[in-house]
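Read the structure below first, then the notes.
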Amino acid sequence: MHHFAGHGSCQNKLFYPVIFLILFNASPTNQISDSSDDPPHSGPEIENSNRRKLLSYNGDILAINPSLAFENFRLKNAYIALQAWKEAILSDPYNITENWIGSNVCNYTGVFCWHSIDEASELTVAGIDINHGDIAGKLPHELGLLYDIALFHINSNRFCGTIPESFLNLQLLFELDVSNNRFVGKFPDVVVQLPALRFLDLRFNEFEGELPRQVFERNFDALFINNNRFSSELPDNFGNSPVSVMVLANNNFQGCIPASLGKMTKLNELLLINNNFHSCLPNEIGMLKNLTVLDLSYNQIVGTLPESIGELESLEQLNLGHNMLSGKISSNICTLPNLNNFVYDHNYFSEESPACLNLQAFADQENCLRGRPRQRSALDCQRFLSNEVDCSTYKCALPPPSPTPPTTCCTCSPPLPPLPSASPPQLPPIESPPSPLPPPLSPPNYFPPLPALSPPPCFTPPPTFSPPPPSIAPSSPLSPSPNQNSSSPPAPNLPAAPPSFVEPSLPPPPPPCANQKISPSQDMSPPP
């Protein structure tokens with residue numbers, strides 16, 4: 001089960017070990033302007049200053065009760081951030097924020113403190129988890145005062161608006177889970193600027209537009225952006241991502257499945273369900289040696305299956321259903337050693353290996369397979385198969401590597417000196433050093449060629465990759481239709497079932513943030 005599983009319990013034991021490890025990555029901590037550093041004033045002077053200590057953040061004036069005492073400036077910053085957040089909350093049916101009162105922020109529900117990385121004697125807010133709270137509101141920019149936070153989990157609520165730009169201050173943020181809310185707008189660019197972020201979960205929101213190229217250059221380990229409104233082609237640097245799990249399902253991505261995906265050698269699970277990909281499958285897909293789950297169902301993928309899929313010896317779940325694939329399903333795919341679930345229904349395959357029928361779970365209906373039940377009509381098959389697919393027309397493949405100059409590597413002898421024009425004396429033969437045998441041919445290179453060096457290297461050993469983290473354990477053999485609904489909101493954790501997504505039934509949307517009235521809390525009041 002992936003790291004996100006189990007976060008909904010809100011138990012301290014799930015946070016403290018993780019926070020302890022994360023907070024070793026030191027980062028400078030900032031402090032807001034604080035009038036407590038000024039010289040002490042007399043009693044009448046304090047009374048004449050409106051009996052309030054004023055703090056400023058991003059140009060806004062915030063008021064704090066001067067009678068409150070804080071252990072350190074970090075907890076004071078956290079108090080201001082959390083009180084501003086409480087002010088921005090419009091509905092809290094389970095009263096999660098009811099005890100967000102007073103200076104002891106470490107006792108607030110859903111708030112977790114740990115020792116600061118740059119001052120071990122000082123406590124700081126290191127994590128927030130209010131998952132499944134059904135809270136309505138928005139995220140105020142004051143949350144940027146939580147400089148030391150490493151975990152921010154607010155999935156399965158009703159937060160709306162956008163991710164504040166002030167999150168740029170969260171230089172230690174390791175996990176960001178805002179899934180199953182009502183956030184809108186373009187992809188939040190702020191998240192690709194967080195140096196420590198490894199787990200990003202934006203599932204089940206209303207984000208739209210293109211994915212920035214920087215997403216695939218960041219050092220993420222898990223990327224979940226399914227069930228949004230993204231609509232673009234995937235960039236050609238798609239394969240630069242080092243993720244082990246990538247879920248892009250239930251969006252409106254179009255065009256090619258980039259051939260650069262062959263570089264994603266750490267990838268365990270790839271789910272592209274229910275998009276509008278319309279191309280052939282790249283041969284480079286066979287380079288994903290650690291892939292265990294591949295779900296490309298409900299797209300418009302055409303052509304035949306690459307034989308390289310038969311090289312995915314770690315593959316356990318393969319779903320190609322509801323596409324426009326044709327040709328033969330060969331035995332080298334159906335005899336993969338770990339494959340136990342192969343779904344290829346609703347395509348135009350005309351031949352399948354008998355080995356496919358021996359799998360633990362398979363689905364082959366609505367194809368053009370003679371002798372198999374529940375197939376397409378002969379007329380339907382004839383109409384489709386009479387139009388031959390030319391994969392080159394989709395222009396999805398990487399450019400071929402440039403030819404290497406015809407130079408024999410490491411066997412060149414030093415040049416002979418020029419002979420004089422007169423009749424020379426007989427020279428003894430010059431012996432060249434023994435020439436080693438030429439290196440064996442390497443596999444075809446599917447990546448853009450590196451600039452040629454002089455002389456070219458003789459041989460470069462393949463890189464060694466560390467073992468990937470544990471993957472999802474699918475349990476159900478078939479993937480439901482993407483239009484199937486669930487009676488309860490989706491779990492914010494990685495799906496334990498095979499990679500198919502069910503649209504959640506969310507609560508009725510609150511009125512737009514801009515039109516919602518914010519009631520003051522008992523700790524925050526406007527300055528006189």
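Read-outs throughout are calculated quantities, based only on the coordinates presented, and are distinct from any laboratory measurement. Predicted model only: the values in this text are computed from it and were never measured. Because the Cβ atoms are built from the backbone with ideal geometry, glycine has one as well, and the counts that use them run over all protein chains shown.
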Hey, for a label at Leu168 modelled as a point 7 Å past Cα toward Cβ, could you say which residues of the range 74-95 have their backbone N under 20 Å away? 81
Which length gain, in nm to one decimal place, applies between Met324 and Asn340 when the Cα-Cα distance is subtracted from 0.36 nm times their residue separation? 3.5 nm
Amide H contacts under 5 Å for Leu173, restricted to residues at least 5 apart in sequence or on another chain and with H modeled in the peptide plane, are Ala196
Summed side-chain charge close to Ile130 - residues other than Ile130 whose Cβ falls under 13 Å, Lys, Arg +1, Asp, Glu -1: -3
30 Å Cα-Cα threshold exceeded, pairs from Lys186/Lys266; Lys86/Lys266; Lys76/Lys138: Lys86/Lys266
In order over the range 190-202: 3J(HN,Hα) from phi, Karplus 6.51/-1.76/1.60, θ = phi - 60°, whole Hz, x for each Gly or Pro, gives 4, 6, 7, 10, 8, x, 9, 5, 10, 10, 10, 10, 10
Relative packing of peptides 97-105, 284-292 - highest average C-beta neighbours within 10 Å first: 284-292, 97-105
Assigning unit charges at the beta carbon (Lys, Arg +1; Asp, Glu -1) and nothing else, what dipole magnitude in debye, to the nearest 20, does the range 109-208 show about its Cα centre? 380
Highest first, please rank the peptides 141-151, 324-334 by the mean number of other Cβ atoms sitting within 10 Å of their residues. 141-151, 324-334
Kindly state, to the nearest 0.05, the FRET efficiency for Ser353 paired with Tyr394, given R0 = 35 Å and r defined as their beta-carbon distance. 0.85
May I ask you to order 208-215, 131-138 by the average number of other C-beta atoms within 10 Å around their residues, highest value first? 131-138, 208-215
Measure off 7 Å from each Cα along the Cα-to-Cβ vector at Asn332 and Glu313, then give the distance between these two points in nanometres to one decimal. 1.4
